[in-house]
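Below is one structure, written out as structure tokens; comments come after it.
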Amino acid sequence: MKRLLRRSVQALHAYVPGEQPKDPNVVKLNTNENPYPPSPAVEAALSGITPGRLARYPDPMSTGFRKAAAELHGCGLEQVMAGNGSDEILALCIRAFVEQDGSVGYFDPSYSLYPVLCDIAEVGKRPVPLGPEFSWSVPDKFSCPLFFITNPNAPTSMLFPRNQVEAFCRNFEGVVVIDEAYVDFAPAHCMDLALSLPNVIVMRTLSKGYSLAGIRLGYAVGHKELVDALFKVKDSYNVNMLTQAAGEAALRDQAWMKGNVRKIVATRERVTRELSSRGYSVQPSSSNFLWARPPVGVEASAVFEHLRRNHVFIRYFPGPKTGAYLRITIGTDEQMDRFLAAL
Ligand SMILES: *Cc1c(COP(=O)(O)O)cnc(C)c1O
């Protein structure tokens, strides 16, 4: 049967998402989801869609949702594009900006989906190793048509300094996509770069800060010409009707999202202190998760397995750059107490 598949697909190592266990007793701290429910306005928006309306196709341009995003960021409607999760938009960026013989730059470690998307599209990969303590480190002369910067970075949880990101964007000849999936939990963002520089796209998601990972919605903001290119290569109806309605309602209730973020950040700081007092080395987090190294003599993989046996799921990425660390999503205070007890 293998001969029926494209060679690149035969060889492909698919992206491995975190487990979604069926057991409701599991403390699930493995996929950076938000432990709090979305805005009540989401339920109201969804119940406003009668089943009869589902017989129609959705708005192919996601206009209502994009208007809410444009108002939020003070930009034109034509500068916003919506996707079926920001994961879809990442794939569209490769489709729109990279020739078949081109390549994509990204940090290593960063979001492990990037190399998989390159392999699917059969374009080159240009991983740039991070410096000591996962710091920024791109050579001055680095050129390729597209660069993904996760900021705050994953799985390291850290925010890259704004001046380094901005200087890179100004010097870089290709398109820079700043993937701000975790920015709601961070003290700073780069949206203004997408609105002022012609080669920068900032990507946001409703999956983390807005507690809506299940509806699959993300958006890109940038210069009209870049955004137009993304529209050209997307599926006609890439965002479904229910998602558009829920996403617009959530975006218009900033106070709800920020309230949840405040709780998560307070819990994050408490758990950071607690882990540090137990000898863990915890990177300074600007996100809704921690990147922590167990005390000397304790294997990260062993901690991961031990927690798993005790029904606490976190994330472990084997490999030379990440294998000494654990990624721990911040849940509610009760969930984190169960985590600490099991630890
Ligand atoms: C969660 C995440 C995304 C994916 O967001 P979706 O909108 O759920 O597809 C993108 N980039 C990074 C770095 C993420 O952690």
Residue 279 passes all but one of the listed conditions (1) open to solvent by less than 50 Å² (accessible area, probe 1.4 Å); (2) assigned to a loop (DSSP other than H, G, I, E, B); (3) within 15 Å of residue 155 (Cβ to Cβ); the exception is number (3)
Can you say whether residue 220 is farther than 17 Å from residue 329 by Cα, within 13 Å of the ligand (Cβ to nearest atom) and touching a residue at least 40 places away in the same chain (Cβ under 8 Å), as far as the supplied structure shows? yes
Residue 303 vs. criteria crowded, with 23+ Cβ neighbours inside 10 Å and farther than 21 Å from residue 111 by Cβ: no
Keeping to region 60-83, report how many residues are surrounded by fewer than 24 Cβ atoms within 10 Å (Cβ to Cβ) and either in contact with a Cys (Cβ under 7 Å, 6 or more places away or on another chain) or of a type in the set (Ser, Thr, Tyr) (or both). 1
Residues in region 20-59 that are of a type in the set (Ser, Thr, Tyr) and either open to solvent by 60 Å² or more (accessible area, probe 1.4 Å) or within 16 Å of the ligand (Cβ to nearest atom) (or both) total 4
Exactly one of these conditions fails for residue 215: (1) over 30 Å from residue 50 (Cβ atoms); (2) among the hydrophobic types (A, V, I, L, M, F, W, C); (3) open to solvent by 10 Å² or more (accessible area, probe 1.4 Å). Give me its number. (1)
Exception for residue 243 within (1) surrounded by fewer than 21 Cβ atoms within 10 Å (Cβ to Cβ); (2) in a helix (DSSP H, G or I) falls at (1)
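The values are calculated or read from the model by the stated rules, or taken from the named source; none is laboratory data. Small disclaimer: the values here were computed from a predicted structure and weren't measured. Methodologically, a virtual Cβ is constructed for each residue, glycine included, from the backbone with ideal geometry; neighbour enumeration extends over all protein chains shown. These area figures cover heavy atoms from the full protein model, side chains too; ligands, DNA and RNA do not enter into them. Shrake-Rupley method; radii C 1.70, N 1.55, O 1.52, S 1.80 Å.
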